[in-house]
1. Let me confirm something: among Thr131, Thr119, Thr96, Thr135, which residue is among the β-branched types (Val, Ile, Thr), under 15 Å from His54 (Cβ atoms) and out of contact with any helix residue (DSSP H, G or I) (no Cβ under 6 Å at 6 or more places or on another chain)?
2. Please find, within region 105-116, the residue that is most open to solvent (accessible area, probe 1.4 Å) out of those that are farther than 15 Å from His54 by Cα and free of Cβ contacts under 8 Å to residues at least 60 places away in the same chain.
3. Only residues that are surrounded by fewer than 19 Cβ atoms within 10 Å (Cβ to Cβ) and in contact (Cβ under 8 Å) with a residue 40 or more places away in the chain: list them for region 125-140, please.
4. Residues Ala160, Ala154, Ala147: which one is among the small types (Gly, Ala, Ser), within 26 Å of Leu75 (Cα to Cα) and under 12 Å from the mean Cα position of the chain (by Cα)?
5. Could you check how many residues of region 54-81 are surrounded by 15 or more Cβ atoms within 10 Å (Cβ to Cβ) and touching a Gly at 6+ places or on another chain (Cβ under 8 Å)?
6. Being open to solvent by less than 50 Å² (accessible area, probe 1.4 Å) and touching a residue at least 24 places away in the same chain (Cβ under 8 Å): is that true of Phe91 here?
7. What number of residues in region 142-158 are surrounded by fewer than 15 Cβ atoms within 10 Å (Cβ to Cβ) and in contact (Cβ under 8 Å) with a residue 12 or more places away in the chain?
8. Just one of Thr52, Thr57 is modelled with pLDDT under 90, closer than 30 Å to Leu134 by Cα and of a type in the set (S, T, N, Q); which is it?
Amino acid sequence: MDHHHTHHAQDPQTHSAHSEQSGRSGHGEHSGHGGSNGSGAGAGWRIAARATLHCLTGCAIGEVLGMVIGTAAGLSNGATVALAIALAFVFGYALTIRGVLAAGLPVRQALKVALAADTVSIAVMEIIDNTVMLTVPGALHAGLTSALFWSALAFSLAVAFVLTVPVNRWLISRGKGHAVVHAYH
């Protein structure tokens, strides 16, 4: 009876430790595919927000650089926006490629992963971001020393982030977008 009691006392601990460990590894392996239960849905939003923040970092670098160069050079609105979008894609892809290369992928494969992971996310973000910049009266012509220019740019990036998170969540739930990057982390 004593032996049975000891075995029974250890069993829940063993089971608990096993559950925690499998829970942790399960979260890491399947975190990109948020389930239909509450915790899965919460994890899905967190992962989508992280993926969007990753895209936003690359987009913001390219966007700010493009807007600064275009505005400083006196380019037209169209040319400034085109430059900002091109640089946003370059920097957005570059951040993902850097991370995937660190995981040991060859450059060609890393480029494919970045294209699959970021294209839709960056495109959506850039459409929203530049639409906001173009609709704020005088923002692009305000000049680099103007608070209007910088506040409009910050606002446009914030709006782009908020509206791109649901897009990324939907992509990740379908195994697309940043879900393809999770395999290499």
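1. On the way: Thr131 fails: under 15 Å from His54 (Cβ atoms); Thr96 fails: out of contact with any helix residue (DSSP H, G or I) (no Cβ under 6 Å at 6 or more places or on another chain); Thr135 fails: under 15 Å from His54 (Cβ atoms).
Exactly one of Thr131, Thr119, Thr96, Thr135 is among the β-branched types (Val, Ile, Thr), under 15 Å from His54 (Cβ atoms) and out of contact with any helix residue (DSSP H, G or I) (no Cβ under 6 Å at 6 or more places or on another chain), namely Thr119.
2. Arg108
3. Leu134
4. From the options Ala160, Ala154, Ala147, the qualifying one is Ala160.
5. Total satisfying the criteria: 7.
6. When the stated conditions are applied, Phe91 does not pass them.
7. 2
8. Numbers: Thr57 fails: modelled with pLDDT under 90.
None of the others qualify; the one that does is Thr52.
The values are calculated or read from the model by the stated rules, or taken from the named source; none is laboratory data. Small disclaimer: the values here were computed from a predicted structure and weren't measured. No Cβ is skipped: glycine too gets one built from the backbone with ideal geometry, and neighbour counts run over all protein chains shown. Each accessible area value is taken on the protein alone, full model and side chains, heavy atoms only, with ligands, DNA and RNA left out. Shrake-Rupley method; radii C 1.70, N 1.55, O 1.52, S 1.80 Å.
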